[in-house]
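The values are calculated or read from the model by the stated rules, or taken from the named source; none is laboratory data. All values derive from a computational prediction rather than experimental measurement. Reconstructed Cβ throughout: ideal geometry from the backbone, glycine too, with neighbour counts over all protein chains shown.
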Amino acid sequence: MTREGSARPLLEPRDPEIGVLLMAYGAPDRLDDVAPFLLDVRGGRETPAALVEEVTARYAAIGGGSPLLGVTRAQASALQARWNGAAATGDSGQAGPGGARVAVGMRHWQPRIAEAVAELAGAGCRTLVAIPLAPHVSRMSVGAYMDALKRALETLGGRPFRAVHRVAGFHDHPRFLDAWAERVRSALARVAPEPEALAEIDLLFTAHSLPTSIVADGDPYPEQLEATAHGVMARLPDLPLAWRLCYQSAGARPVPWLGPPIGEVLDALAAAGRRRVLAVPIGFVSDHVEVLYDLDLEARAHAATLGVRFERTESLNTSPLFIDALADLVRAAVS
């Protein structure tokens, strides 16, 4: 498994005005870290041995650990280089006032969100822009990141930053949608170079399932996912593609979960005589276990039993268009 580098970001200013905090879920880098990672996710509750064994096997199957931290650091590096390079050349379309330092903080693993906030404060950043790398808003995702940020700021005490800007979701940002449309076009050029083959392919936009109770609580999560899918398709008007939104990676709690699950969608497509799908994981911005195992291994294996050819777009990772979107979010926050 290829892992993107984690070198310190380029073009780091000596006296950064802006501190950008990219927040991600966190994941174990090594198999030995799976058990303590699950303990953290479960809030200190003991993890059943069978669950530890199952999750460890999943990480073993994708190479012995998650690439999430390396990918997120690469995103931070690209964003910092983009911002500071544009600021140095006076390109106001790609930057704003002052240099920026970008740090990575994880909710459930190292480096912690609190560590990253302290790093930015210690670097002298006067303005903090906090971006959860979760495009679609839910109290279970973006809300949890904001709670962790609040605790981190309280731990520092006083007012380490002159201003704190919180970016809550970016599901309909034009460059985010452009990035996904580019990923779809690139994948189709690879798997269906003949124009007549496009009619045979179903696009499956996928996202992490959450309990349906979030809808009663007023979460915009499902509606924002639909809006993202429609926004991507609006950028592909020349391609005759059938598509639908489905969900993956539901938890084990015995409660209703958002659906339809991808396995049921594959079953229905196969029953209808459809034989080719392209998964587009719009709910995620990085390679990690939900993409590399749940889609690339589990969903693909299920599709194979149905006689369905399963393909996936690349994740956004360090897509230049996605980095442009992050730079736009920072600029809008500090303008």
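Within the range 199-206, does at least one residue satisfy the condition of being surrounded by fewer than 19 Cβ atoms within 10 Å (Cβ to Cβ), out of contact with any Lys or Arg (no Cβ under 9 Å at 6 or more places or on another chain), part of a helix (DSSP H, G or I) and in contact (Cβ under 8 Å) with a residue 40 or more places away in the chain? Among the residues of the range 199-206, at least one is surrounded by fewer than 19 Cβ atoms within 10 Å (Cβ to Cβ), out of contact with any Lys or Arg (no Cβ under 9 Å at 6 or more places or on another chain), part of a helix (DSSP H, G or I) and in contact (Cβ under 8 Å) with a residue 40 or more places away in the chain, which makes the answer yes. Val291 meets each of the listed conditions (1) surrounded by fewer than 22 Cβ atoms within 10 Å (Cβ to Cβ); (2) at pLDDT 95 or above apart from (1). Residue count for the range 240-255 satisfying the condition of being closer than 29 Å to Ala197 by Cα and part of a loop (DSSP other than H, G, I, E, B): 2. If you go through the range 151-173 one residue at a time, do you hit one that is under 16 Å from Ala333 (Cα atoms) and part of a helix (DSSP H, G or I)? No: zero hits. Taken together, Leu204, Leu245, Leu241 contain a single residue that is closer than 25 Å to Ala303 by Cα, modelled with pLDDT under 95, touching a strand residue (DSSP E or B) at 6+ places or on another chain (Cβ under 7 Å) and of a type in the set (A, V, I, L, M, F, W, C), which is Leu241.
If you go through the range 260-274 and pick out every residue that is in a loop (DSSP other than H, G, I, E, B) and either surrounded by fewer than 16 Cβ atoms within 10 Å (Cβ to Cβ) or without any contact (Cβ under 8 Å) to a residue 24 or more places away in the chain (or both), you end up with 3. The residues of the range 146-172 that are closer than 29 Å to Gly283 by Cα and without any contact (Cβ under 8 Å) to a residue 24 or more places away in the chain, listed by number, are Met146, Asp147, Lys150.
As for the range 53-76, it holds no residue that is at pLDDT below 95 and more than 28 Å from Ala168 (Cα to Cα). Would you confirm whether or not the range 95-107 contains a residue that is assigned to a loop (DSSP other than H, G, I, E, B) and within 18 Å of His173 (Cβ to Cβ)? Looking for residues that are assigned to a loop (DSSP other than H, G, I, E, B) and within 18 Å of His173 (Cβ to Cβ), one finds at least one in the range 95-107, hence yes.
Screening Arg166, Arg159 for residues that are closer than 28 Å to Pro320 by Cβ, assigned by TED's automatic domain parsing to the domain that holds Val71 and basic (Lys, Arg) leaves exactly one candidate, Arg166.
Conditions (1) touching a Ser or Thr at 6+ places or on another chain (Cβ under 9 Å); (2) within 25 Å of Pro36 (Cβ to Cβ); (3) assigned by TED's automatic domain parsing to the domain that holds Asp324, marked per residue:
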{"site": "His108", "(1), (2), (3)": "no, yes, yes"}
{"site": "Ile113", "(1), (2), (3)": "no, yes, yes"}
{"site": "Leu120", "(1), (2), (3)": "no, no, yes"}
{"site": "Ala123", "(1), (2), (3)": "no, no, yes"}
{"site": "Ala134", "(1), (2), (3)": "yes, yes, yes"}
{"site": "Ser141", "(1), (2), (3)": "no, yes, yes"}
{"site": "Thr155", "(1), (2), (3)": "no, yes, yes"}
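Residue count for the range 275-334, restricted to those that are part of a loop (DSSP other than H, G, I, E, B) and more than 18 Å from the chain's Cα centre (by Cα): 4. Do the conditions hold for Thr56, that is, is it assigned to a helix (DSSP H, G or I), assigned by TED's automatic domain parsing to the domain that holds Val34, of a type in the set (Val, Ile, Thr) and surrounded by 17 or more Cβ atoms within 10 Å (Cβ to Cβ)? In short, yes.
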